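S.K.: Here you go, one structure.
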Amino acid sequence: MESQTILLIDDDEMISSMFAQYLARAGYKTVIAHNGPTGVEKYRAENPDLVVLDVAMPEVSGFEVAKQIREVQQEENRAHTPLIILTAYARSFFLSVSSDIGIDSFLNKPIAPDDLLEHINQFLGNAPA
């Protein structure tokens, strides 16, 4: 079976690199983007199985990136891709915005790699690594 692909979009290179290494050890193919526009480009090119993105990024917020990803899905008639938002902000702040965009889940930062992996496995229907 081919590895499932996770797209990580986060402007913090150290965090995204750490998560990518951890997910790769768990058997996932990982693709990293360090800003929103690059994230949308990589989404188009890689067609990942799941996207993890930070809310607070320079240039374009995670919510705008999520909206653009949903537009690509619609334009290209792609299957639903789960979007997981990572945020240090209060969850309640985003609830109304997220339902309009189609965010599948929120995880609070900081998050342990084990917790992120468990959440991804649940979305993709995989047994724990």
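S.K.: How many residues does the range 21-48 hold that are under 25 Å from GLU76 (Cβ atoms) and without any contact (Cβ under 8 Å) to a residue 40 or more places away in the chain?
M.R.: Selection size over the range 21-48: 17.
S.K.: Now a separate question. Name the residue, out of VAL72, VAL51, that is at pLDDT 95 or above, within 17 Å of GLN4 (Cα to Cα) and either of a type outside the set (Ser, Thr, Tyr) or not in a strand (DSSP E or B) (or both). Show your work before the answer.
M.R.: Values: VAL72 fails: within 17 Å of GLN4 (Cα to Cα).
Every option except VAL51 fails the conditions.
S.K.: Then there is this: Consider only pairs whose beta carbons are under 7 Å apart and that are at least six residues apart or on different chains; among these, list those whose first residue lies in the range 89-113 and is over 24 Å from ASP49 (Cβ atoms) and whose second residue is of a type in the set (Ser, Thr, Tyr) and modelled with pLDDT of 85 or more.
M.R.: No pair meets every condition.
S.K.: Among residues belonging to the range 75-95 that are among the polar types (S, T, N, Q) and under 25 Å from ASP115 (Cα atoms), point out the one that is modelled with the lowest pLDDT. Spell out the reasoning first.
M.R.: Narrowing the range 75-95 to residues among the polar types (S, T, N, Q): 77, 81, 87, 92.
From what is left, the residues that are under 25 Å from ASP115 (Cα atoms) are 81, 87, 92.
Details: THR81: 96, THR87: 83, SER92: 58.
Within the range 75-95, the match that is modelled with the lowest pLDDT is SER92.
S.K.: Just for the range 1-40: of the residues that are part of a loop (DSSP other than H, G, I, E, B) and of a type outside the set (D, E, K, R), which one is surrounded by the most Cβ atoms within 10 Å (Cβ to Cβ)?
M.R.: Of all residues in the range 1-40, those part of a loop (DSSP other than H, G, I, E, B) come to 1-4, 10-12, 26-28, 34-35.
Filter again for of a type outside the set (D, E, K, R), leaving 1, 3-4, 26-28, 34-35.
Working: MET1: 4, SER3: 13, GLN4: 17, ALA26: 18, GLY27: 11, TYR28: 23, HIS34: 17, ASN35: 16.
My answer is TYR28.
S.K.: While we're here: Among the numbered criteria (1) modelled with pLDDT of 85 or more; (2) assigned to a loop (DSSP other than H, G, I, E, B), which single criterion is violated by ASN121?
M.R.: (2)
S.K.: In addition: How many residues does the range 13-48 hold that are more than 12 Å from SER3 (Cβ to Cβ) and among the hydrophobic types (A, V, I, L, M, F, W, C)?
M.R.: 9
The values are calculated or read from the model by the stated rules, or taken from the named source; none is laboratory data. Small disclaimer: the values here were computed from a predicted structure and weren't measured. Every residue, glycine among them, receives a Cβ derived from its backbone with ideal geometry; neighbour counts consider all protein chains shown.
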